[in-house]
């Protein structure tokens, strides 16, 4: 879940070109203003500091100067969630090293550096900038699979793919290693980067094995394990394992079935009152989670000894659809009953135990533009990448269950439909794969979830392409849709955003808020302001 | 011409001249100040450029042009108070000083609509006093000493000295050579530049701090010739010592200012929330090396101050004052009328600067002090309505400060409460305040704005649009122009 949110956050982020100008922040302003910003573009030099799935601040990492032939000095600035500069410290690093990942665990920062000559280095710093510990991995010890994983992190906009906070006492690192074929390794470190424990695939395994981290906290770690015979086969075994966060020992395997019995695919896992709540989709026997449509949702509660306390399957046909008919009003019913797939972005568990699944409808349909384009190009003999199909992204969906896993609400929140054009050949992809594709290219309108667990308020922010304000012809600069879940009840609203800046964007902010970045080119000024999402 | 005709002509003449006279002071003042600024620019350019190289002339012109343009910008955009009752009060203090010290070159006063605690002069025959300073003063004696200090700066040609220093530093060929040498080197550009430039910067700051003390001494000489009391001006230095922090206030409890608020705002939203940074406290480093670094940094920060360390200044001036402490003069405490006038102007300046949360906070303090003042309540009601409107349009962030460690505890608490209130709750607060204001509302710009807002809050959108169409021109270039136009657009869609 953390991984998913962090990716989303990064994709929204536009940061400063002349990042060193962050020093000039005017702290006493209602907006954080950075003067003399010549240009803005995407960079990996700034980011959010996340603690316990909550944004607690921002960091800015920038080059200061070369100090000698081999080393350069960098400055790290830490800002709290109100954009107040709290700490600034310098670190000296080999001049070609790149910071590719960073994570904060509430006590210290773990920064991952990569140097094409020397290899990997993971260093922890406390909040005063004091180096706590370092783990170096020489280049020759980095497996080619890890190198591929690293390259993907460096070239993509995503972050936090391989390191995660383990409570506030340490971190875990996920690595692909060379076994007989390919395997995985999950290693836990304390805040001084001393290894605490390790959990890895069998070194003699003849399968390709990979582990996807679904949830990490100081009590447990849930991993999704994948096994396949070779890289080309579509046949794969899927399982999940629950580990004890303190020692890395396996608590239990979570049965995810198989193609014969019927597969399961985990969407989300979270700790609720010392039990692990796992939510996912299930498939009928013979179907594959990669290419077929799921049969419904499963909800499973497992205690920390591995015992399943409660489990329930809820079918799309016969259960969810019947509920929808009774629950939705006439207008929403039309939208709700259309044959859409749902891509689930997030799962929220409120303090009263109710579970909210936040999804977005999508479906594959014939693309008029794609067909026309293909027809035109066939005449001219040129090649064309456009597919004859497109993805129609439609409404937001909220599915609610009570603490006994009984379906209690199904709500469709209307928004303007948008299209995502597919590359050629994508018309044959399964709906699940298409969902992941649309997600990966940022084609969904869901932006982020802002959570305030203590106050039991969650705001799900999405963008509605219908910019018309209520009861008027006026179009706002952007129409934000906000689903608010407060004390176990959800409401939805449309909130127009207007700005005088020509270049602007929204960004994730502290719980309950949205950050609006506004760049005034003429004044060379960048403003960041916070707006409250729910009261 | 008949008698009636003559009478008509006379009446027309009186009406016309009275209209012209009513507008004249403001326009005349604008033009007069504009001329002072422009003439001084020409005169200073001629004086400073004598026997200077072309290169120096360019630098001088750039500095003086910046000064002129910045001042004219503020003048044209209504950031200065150039007349009115408050202006007359401050000007009377300035006149008293100038009359009793006839050798001082005559200066004109400008009150700046700025909340920072400051007064300054930039060699333009003008003395600037910020509203923020006036808001903190207790008596006219403190004000008189501030003005004497600024007049002394002018008399000692400190602005001219700063320009000369700037030109000398900018045309230092030796230093330029050293900078080029650093850039030719391969490593540590930033550190080496710091090393080279820091001593010059520190000596410049030291000179400026000495200038402040010199201005205190000469200012004191001017001051003793006036009717103002040394003893009561002493408190000014207590004030200056705290000028980096906010004005001390009693706990402002919103629920005490708005009776019955608990009936429409959940008590949890009125709970005092203290400010804590999301990154928590940053512990003192235990490492000796880091502690040393921190200490050095603090020392450097002190050395970079352009004003004397507060305690040093206070001690020095106390020594001078004590010499004459036998002089007992009458202390002129600021009257309620002047204090509230400063308050109104400050609130309007806050609104003009888009600092609505400051306006609300300052207004809360003022209502706490003057609970029966109708004008303060009227502004308070308008401010709450504006806040509700900005919140409803997701523009709260443009007018409300974020909590941070630089604000006072009380302001941070206030911000915590304000951010929790919904648009509807802000509108209800505005309405509740307005209920106590049925009589005594003037038909000035504030009164008209108040009435329009109340109609909007009642849902009389048609009335708002029609009324606003009729009086729109009266709000032109006022602090309310933009927001009332935005509300007008909203009312047009809602009606």
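Residues checked against (1) out of contact with any helix residue (DSSP H, G or I) (no Cβ under 8 Å at 6 or more places or on another chain); (2) at pLDDT 85 or above:
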| residue | (1), (2) |
| --- | --- |
| A:432 | yes, no |
| A:438 | yes, yes |
| A:453 | yes, no |
| A:459 | yes, yes |
| A:464 | yes, yes |
| A:474 | no, no |
| A:485 | yes, yes |
| A:492 | yes, yes |
| A:496 | yes, yes |
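Taking helices (runs of 4 or more DSSP H) as the structural unit, those lying wholly within segment B:3-112 and holding at least 1 residues that are over 26 Å from the mean Cα position of the chain (by Cα) and modelled with pLDDT under 90 correspond to B:3-49, B:54-76.
Taking (1) away from chain A (no Cβ under 14 Å); (2) on the phi < 0 side of the Ramachandran plot; (3) not in a helix (DSSP H, G or I) in turn, residue B:440 satisfies each apart from (2). Residue-level check: of (1) modelled with pLDDT under 75; (2) surrounded by 21 or more Cβ atoms within 10 Å (Cβ to Cβ); (3) within 27 Å of residue A:132 (Cα to Cα), residue A:84 misses just (1). Which one is modelled with the lowest pLDDT among residues in segment B:275-325 that are within 14 Å of chain A (Cβ to nearest Cβ) and in contact with a helix residue (DSSP H, G or I) (Cβ under 7 Å, 6 or more places away or on another chain)? Per the stated criteria, the residue is B:285. Taking residue B:427 as the residue in question, decide whether it is within 14 Å of chain A (Cβ to nearest Cβ), crowded, with 16+ Cβ neighbours inside 10 Å and in a helix (DSSP H, G or I). Against the criterion (within 14 Å of chain A (Cβ to nearest Cβ), crowded, with 16+ Cβ neighbours inside 10 Å and in a helix (DSSP H, G or I)), residue B:427 qualifies. The residue of segment B:46-76 that is nearest to residue B:346 (Cα to Cα), among those that are in contact with a helix residue (DSSP H, G or I) (Cβ under 9 Å, 6 or more places away or on another chain) and surrounded by fewer than 14 Cβ atoms within 10 Å (Cβ to Cβ), is B:76.
Quickly run through segment A:289-315 and pick out the residues that are modelled with pLDDT under 90 and either more than 29 Å from residue A:251 (Cβ to Cβ) or touching a helix residue (DSSP H, G or I) at 6+ places or on another chain (Cβ under 9 Å) (or both). Selection gives A:289, A:290, A:291, A:292, A:293, A:294. Being more than 14 Å from every other protein chain (Cβ to nearest Cβ) and at pLDDT below 90 is not true of residue B:460. The residues listed here are B:404, B:412; of these, the one that is part of a loop (DSSP other than H, G, I, E, B) and within 11 Å of chain A (Cβ to nearest Cβ) is B:404. Of the helices (runs of 4 or more DSSP H) entirely within segment B:153-266, those holding at least 1 residues that are loosely packed, with under 14 Cβ neighbours inside 10 Å occupy B:158-170, B:173-184, B:189-224, B:235-241, B:254-257.
One residue alone among A:188, A:211 is out of contact with any helix residue (DSSP H, G or I) (no Cβ under 8 Å at 6 or more places or on another chain), assigned to a strand (DSSP E or B), buried (at least 22 other Cβ atoms within 10 Å of the Cβ) and modelled with pLDDT under 90, and that residue is A:211. Output the number of the condition that residue A:26 fails; it satisfies all remaining conditions of (1) within 29 Å of the chain's Cα centre (by Cα); (2) modelled with pLDDT under 85. Failing condition for residue A:26: (1). Where strands (runs of 3 or more DSSP E) fall wholly inside segment A:46-154, the ranges with 3 or more residues that are within 14 Å of chain B (Cβ to nearest Cβ) are A:46-51, A:54-66, A:71-80, A:85-94. For segment B:478-494, the condition of being within 14 Å of chain A (Cβ to nearest Cβ), surrounded by fewer than 18 Cβ atoms within 10 Å (Cβ to Cβ), in contact with a helix residue (DSSP H, G or I) (Cβ under 9 Å, 6 or more places away or on another chain) and not in a helix (DSSP H, G or I) holds for none of the residues. The single condition from (1) within 14 Å of chain A (Cβ to nearest Cβ); (2) without any contact (Cβ under 8 Å) to a residue 60 or more places away in the chain; (3) within 30 Å of residue A:509 (Cα to Cα) that residue B:383 fails is (1). Could you list, in sequence order, the residues of segment A:519-533 that are touching a residue at least 40 places away in the same chain (Cβ under 8 Å) and surrounded by 19 or more Cβ atoms within 10 Å (Cβ to Cβ)? Matches in segment A:519-533: A:519, A:526, A:527, A:528, A:529, A:530, A:533. Restricted to segment B:443-452, and to residues there that are within 24 Å of residue B:264 (Cβ to Cβ) and free of Cβ contacts under 8 Å to residues at least 40 places away in the same chain, the residue that is farthest from the other protein chains (Cβ to nearest Cβ) is B:451.
The values are calculated or read from the model by the stated rules, or taken from the named source; none is laboratory data. Model, not experiment: these values are computed from the prediction. Every residue, glycine as well, gets a Cβ built from its backbone with ideal geometry; the counts of neighbours run over all protein chains shown.
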